[in-house]
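S.K.: Structure in structure tokens, see below.
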Amino acid sequence: MGNESDVRDRLMTILSGMLEKPPEYTPGADIFEDFGLDSLDQIEFLYSIEQAFGVKIADETFEEQGLREFDRLVAHLVEHQRLAS
Amino acid sequence: MIGIRDVACYLPEGKLHSAELQTRLGFKPGFLENKVGVETRRIAAADESTSDMAVHAFERLRERYPQEDFGDVGLALLCTQNPDYKMPHTASVVGHRIGLPKNMLSFDISLACSGYVSTVVTAKALMTELGVRKALVFTADPYSKIIKPNDKNTIALFGDAASVSVLEADGPLRICKSTFGNDGSKYQAAIVRGSGTARQNGEMEQFELDGRGIYELLKTEAPPSIRACATMNGLTLDEIDLFLFHQASAWLLLGLREDLGLSEERVPSNIKHVGNTVSSSIPLLLDQVLHNGGPLPRIILMSGFGAGLAWASVVLRTDARQ
């Protein structure tokens, strides 16, 4: 637990379950624009992150810190786990 | 045992279609119909009040029972968070307009989406305590009066409706045991700021809905409450014929149904043509169930969840077992 690869895999698992198919990742991909999540999916997605990683991300934080971008979200979660360990 | 005899409902004439909202507010095609699950919402007229809607519901009821004068009603409760006036209670206005007797107890109950279940159970408790043999339970909560037309979070979801339920000492749909919950720490999840004494200087009235708060309510509180209600009534979920859930949104209902392992056939929905009608959503479903020409279900579980945050579940039974 805690390394970037593990976080990526777990996020992809969450997204695959929600989208019913693995999202097509490209560097800089936006979870909404590129993966196809909608505003209601955001609610479920952030809840799933909370359940999986123990991190509660507020809607405002999600927007303000650019966490819609998959890579930035991974970095955010990796940093959270580093600080928690 | 106190039970529900009948339910009558009213839908306003005005309609707001999802196609119009899609054009006006830029929703993605299909989002409103598929994810939110609403094609059309009914909207009260600008000059149509909460009591108007409740009275219309009662007129539907009276059409079914033209010989009944309802002069023996001993209790009238009205569930709304958008009353005609802050004072007096809207139940009093409605009671006057429909000719209810003076020698009865009547008041408003301020609850939103959990309101029908809570008001029905409250009515049963009062009927039991006071020896009242007939009661009316109204729901009428026109959210169109408080929603901002360009608020994408809310305008697509809610519709207006009203209902009246007749409860009697030997009503056929016996009201059994219930479960409740209230989490005031999340009171801001569904709130009309600037609407009461907690108003900040310069604050304007504004309905705000936190989708995350409601989502978490349905994930964390609703399923155990529903299971506990079944258990309290000596039932498993499999033994319950029909689940009438508050119609929050198609997406939330699907999640709740999946979390409980319930088939679609046992969880009817009407949100497509009326939207989320707040405390009227469950009685709208019950009205359909009672008047669809089929046999009455033996066991029904009703569950509502929403602003407060508050949630409530109750079992209704038509069979001989208690």
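Rule-based calculations on the coordinates, nothing more; no lab input. It should be emphasised that the depicted structure is a prediction, and the values quoted were computed from it without experimental measurement. Every residue, glycine as well, gets a Cβ built from its backbone with ideal geometry; the counts of neighbours run over all protein chains shown.
S.K.: Give me the tail of P(r) for chain A as a percent: Cα-Cα pairs with distance above 21 Å.
M.R.: Within chain A, distances greater than 21 Å cover 19 percent of Cα pairs.
S.K.: If each residue of separation counts as 0.36 nm, what is the full-extension length gain between B:Asp238 and B:Thr220 once their alpha-carbon separation is subtracted?
M.R.: Length gained, B:Asp238 through B:Thr220: 4.4 nm.
S.K.: Using modelled amide H (1.01 Å from N, peptide plane; none on Pro or chain starts), what sits under 5 Å from the amide H of B:Asp6, excluding residues fewer than 5 places away?
M.R.: Residues meeting the criterion, in which the H sits 1.01 Å from N, are B:Val166.
S.K.: May I ask you to list the GluC sites (Glu not before Pro) in the range B:1-90 that are in a DSSP loop and have at most 14 other Cβ atoms within 10 Å of their Cβ?
M.R.: Of the GluC sites (Glu not before Pro), the ones in loops of the range B:1-90 whose Cβ has at most 14 other Cβ atoms within 10 Å are B:Glu13, B:Glu68.
S.K.: With a cut-off of 8 Å between alpha carbons and a minimum separation of six or more residues, what is the relative contact order of chain A in percent?
M.R.: It rounds to 35 percent for chain A.
S.K.: Evaluate the Kirkwood expression for the hydrodynamic radius of chain B, namely the inverse of the mean inverse distance over all pairs of different C-alpha atoms, and round to one decimal in Å.
M.R.: One over the average 1/r among Cα pairs gives 19.7 Å for chain B.
S.K.: Ok, one more. Out of the DSSP beta bridges found with both residues in the protein assembly as shown, what percent are antiparallel (nearest 5)?
M.R.: So the antiparallel bridges in the protein assembly as shown amount to around 75 percent.
S.K.: Run the dipole for the range B:234-322 about the Cα centre, Lys and Arg Cβ at +1, Asp and Glu Cβ at -1, nothing else charged, and hand back the magnitude in debye, nearest 20.
M.R.: Roughly 200 debye, rounded to the nearest 20.
S.K.: Right, next: Explain nothing, just compute: Karplus ³J(HN,Hα) = 6.51 cos²θ - 1.76 cosθ + 1.60, θ = phi - 60°, for every residue of the range B:157-164 in order, whole Hz, x for Gly and Pro.
M.R.: Each residue's phi maps through the Karplus curve to give 9, 9, x, 9, 6, 9, 8, 9 Hz.
S.K.: Between B:Tyr85 and A:Gln51, what FRET efficiency comes out of the Förster formula 1/(1 + (r/R0)^6) with R0 = 60 Å and r the beta carbon distance, rounded to 0.05?
M.R.: The value I calculate is 0.85.
S.K.: Looking at chain B as a GNM with Cα springs under 10 Å, which of B:Tyr65, B:Tyr215, B:Tyr143 has the largest mean-square fluctuation?
M.R.: B:Tyr65
S.K.: Rg over Rh of the range B:233-275, using C-alpha atoms and the Kirkwood radius, what does it come to?
M.R.: Rg/Rh: 0.99.
S.K.: Then there is this: Run the paramagnetic zone check for B:His291: 7 angstrom along Cα to Cβ, then residues of the range B:148-184 with backbone nitrogen under 11 Å.
M.R.: Under 11 Å, as judged by backbone N against the label point of B:His291, lie B:164 of the range B:148-184.
S.K.: Let me ask something additional. Mean-square fluctuation check for chain B, GNM, Cα pairs under 10 Å: which of B:Ala46, B:Ala162, B:Ala76 is largest?
M.R.: Between B:Ala46, B:Ala162, B:Ala76, it is B:Ala46 that shows the largest mean-square fluctuation.
S.K.: Follow-up question, since we're still on this one. Under the Karplus relation 6.51 cos²θ - 1.76 cosθ + 1.60, θ = phi - 60°, what is the ordered set of whole-Hz ³J(HN,Hα) values for the range A:72-85, x standing for Gly and Pro?
M.R.: 5, 5, 4, 4, 4, 5, 4, 5, 4, 5, 5, 5, 7, 7
S.K.: Now for a separate question. Considering the options A:Ala58, B:Gln288, B:Ser144, tell which one lies farthest towards the positive end of the dipole of the protein assembly as shown, charges being +1 on Lys and Arg and -1 on Asp and Glu at the Cβ, about the Cα centre.
M.R.: Of the options given, the answer is B:Gln288.
S.K.: Normalised by the number of residues in chain B, what is the relative contact order in percent for Cα pairs under 8 Å and 6+ residues apart?
M.R.: 26
S.K.: Could I ask something else about it? If I take R0 = 60 Å and measure r between the Cβ atoms of B:Arg5 and B:Glu205 in this structure, what FRET efficiency does the formula 1/(1 + (r/R0)^6) give, to the nearest 0.05?
M.R.: 0.95
S.K.: Same structure again: Could you pull out every residue, at least 5 positions away or on a different chain, whose amide H is within less than 5 Å of the one on B:Ser106? Hs are placed 1.01 Å off N in the peptide plane, and Pro or chain starts have none.
M.R.: Result for B:Ser106 returns B:Ala76.
S.K.: If you average 1/r over every pair of different alpha-carbon atoms in the range B:42-178 and take one over that average, what Kirkwood value in Å do you get?
M.R.: Kirkwood radius, the range B:42-178: 15.5 Å.
S.K.: Let me ask something else about it. With springs only between Cα atoms under 10 Å apart, run a GNM on chain B and tell me which of B:Phe107, B:Phe31, B:Phe70 wobbles the most.
M.R.: In this elastic network of chain B, the residue with the biggest mean-square fluctuation among B:Phe107, B:Phe31, B:Phe70 is B:Phe31.
S.K.: Can you compute the modelled spin-label distance between B:Glu264 and A:Met18, with each label point 7 Å from Cα toward Cβ, in nm?
M.R.: 2.3
S.K.: Something else: Tell me, in nm to one decimal, what length is gained between B:Thr197 and B:Ser185 on full extension, where the rule is 0.36 nm per residue of separation less the Cα-Cα distance?
M.R.: 2.4 nm
S.K.: Bins of 5 Å, beginning at zero and ending with the bin holding the largest distance: percent of Cα pairs per bin for the range B:176-317, please.
M.R.: 2, 9, 19, 21, 20, 12, 7, 5, 3, 1, 0, 0
S.K.: Could you go through the range B:63-69 in sequence order and give the Karplus-derived ³J(HN,Hα) for each residue, using 6.51 cos²θ - 1.76 cosθ + 1.60 with θ = phi - 60°, rounded to whole Hz, and x for Gly and Pro?
M.R.: Once θ is set to phi - 60°, the couplings for the range B:63-69 become 4, 7, 10, x, 8, 8, 9 Hz.
S.K.: Hey, rough spin-label estimate for B:Glu59 and A:Ala29, points 7 angstrom out along Cα→Cβ, what's it come to in nanometres?
M.R.: Inter-label distance under the simple model: 5.7 nm.
S.K.: With both partners inside chain B, how many of the DSSP beta bridges are antiparallel, as a percent to the nearest 5?
M.R.: Close to 70 percent.
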